[in-house]
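> Dumping the structure here so I can ask a few things about it.
The values are calculated or read from the model by the stated rules, or taken from the named source; none is laboratory data. The structure presented is a predicted model; accordingly, all values stated were derived computationally and were not measured. Don't worry about glycine lacking a Cβ; one is built from the backbone with ideal geometry, like all the others, and counts go over all protein chains shown. Remember, those area values only see protein heavy atoms, side chains included, never the ligands or the DNA or RNA. Shrake-Rupley method; radii C 1.70, N 1.55, O 1.52, S 1.80 Å.
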Amino acid sequence: MTNLESYYKKFDEEHRLTTRHGQVEFFVTMKNILSAAENLLQNREAGAHCGDGLQDQKAAALGPLKILDVGAATGAYSVPLSKQGFDVTAVELVKSNLEKLRAKHEKVKCWQGDARDLHFLDDATFDIVLLLGPLYHLHKESDKLRALAEARRVTKKGGLIFCAYTMNEYAVIQYCFGQNKIKENIAAGQIDAAFKTVSGDGDLYSYVRLEDIDALRQKSGMERVKIFSPDGPADYMRRELNAMDDQTFELFKKYALEISERPELLGAGSHLVDVLRAS
């Protein structure tokens with residue numbers, strides 16, 4: 001059993017997104033996915049109506065948008081997207097997570113697989129591909145680029161890929177300083193002179209900065225549509241969020257969505273999502 005499999009056997013991924021800080025992340029991310037899906041559908045319909053009736057029929061025959069969720073875990077996004085009428089396929093590396101997803105008996109096609117090798121999926125199949133977890137756990141740039149290349153391969157031309165990353169400053173502030181581990185982290189070579197985390201193959205997470213994400217996007221050869229922080233300050237405010245009444249919490253979720261693309265705040269939260277267009 002790999003370190004990743006051992007971790008997810010103990011870690012309750014389903015519970016994470018039901019906590020209040022997790023709800024903020026889910027709310028902002030889903031808003032962006034649904035907005036992207038709506039735009040893709042509008043573009044498809046507009047293209048169909050430019051022609052004759054046969055083109056209209058062809059567009060209707062295409063059916064719902066196809067979404068691929070790579071690193072789907074137990075289906076936190078796959079299941080609600082399927083319930084909203086999308087044609088959803090889920091790929092998950094950890095067998096125990098996949099078993100939990102299959103046990104829900106939802107209309108989600110499930111595969112066990114690695115984000116770096118999606119050979120079992122055909123080229124140009126999906127309108128939207130979600131990479132909302134795999135890039136957290138890949139340490140080598142070459143592996144991250146392989147995952148991005150595979151996502152691009154299976155995405156239709158003009159389709160969108162949501163790439164999530166875990167952020168360096170959150171890890172340094174919350175863990176290294178917050179738990180008073182900074183001196184031992186430096187001594188162990190886990191933090192460099194610029195306070196950048198140094199992750200090895202034995203570590204679970206790979207932490208990045210904005211310039212790392214920019215470099216990966218450029219090397220992937222894909223165009224950025226937008227970049228947003230799905231959780232913003234939420235992970236720093238767990239106690240405050242838990243103390244809020246429901247109405248105040250709903251306002252906070254709207255606030256998090258409103259500020260999610262503000263450039264001065266990008267990279268400050270625990271996650272960042274880079275939305276790329278396949279070409």
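> In degrees between 0 and 90, to the nearest 10, how far off the longest principal axis of the chain does helix 141-154 point, with axes built from Cα atoms?
Helix 141-154 sits at roughly 20 degrees to that axis.
> Moving on to the next point. Using alpha-carbon positions, what is the distance between the centroids of the stretch 218-256 and the stretch 116-158, in Å?
24 Å
> Once both labels are modelled 7 Å past Cα along the beta-carbon direction, what's the R102-F177 spacing in nm?
4.6 nm
> For A90, what residues show an amide H to amide H distance below 5 Å, using hydrogens built from the backbone and excluding near sequence neighbours?
When sequence neighbours closer than 5 places are left aside, the close amide H contacts are D69, K109, C110, W111.
> What whole-number value in Å² describes the accessible area per residue of the chain for a 1.4 Å probe?
51 Å²
> Checking a compactness column here: for the stretch 215-279, what do you get for Rg(Cα) / (2.2 N^0.38 Å), N being the number of residues?
1.36
> With a sphere of radius 12 Å drawn around the Cβ of S142, what net charge do the other residues whose Cβ falls strictly inside it have (Lys, Arg +1; Asp, Glu -1)?
Once all neighbours under 12 Å are counted, the net charge is +3.
> Can you list the residues of the stretch 138-179 with backbone N under 13 Å from a point 7 Å past the Cα of D192, pointing along Cα to Cβ?
The answer is 141.
> Here's a follow-up. Can you pull the one-decimal nm distance between simple spin-label points at W111 and H15, each 7 Å off the Cα toward Cβ?
Using points 7 Å along Cα→Cβ, the separation is 3.2 nm.
> Around N185, under 15 Å between beta carbons, what's the net of Lys plus Arg minus Asp minus Glu among the other residues?
-1
> Roughly to the nearest percent, how much of the accessible area of the chain is carbon and sulfur, given a 1.4 Å probe?
The value for the chain is 52 percent carbon and sulfur by accessible area.
> OK, next. Report the antiparallel proportion of the DSSP beta bridges in the chain as a percent, rounded to a multiple of 5.
40 percent
> Rounded, prolate or oblate: which fits the stretch 59-154 when a ≥ b ≥ c are the square roots of the eigenvalues of the alpha-carbon gyration tensor, with rounded for a/c under 1.5 and prolate only if a/b beats b/c?
Oblate.
> Is it possible to state the helix-based mean residue ellipticity at 222 nm for the chain, with each DSSP H run of 4+ residues giving -39500 (n - 2.57), the sum divided by total residues, to the nearest 500 deg cm²/dmol? What is it?
The per-residue figure over the chain is -13000 deg cm²/dmol.
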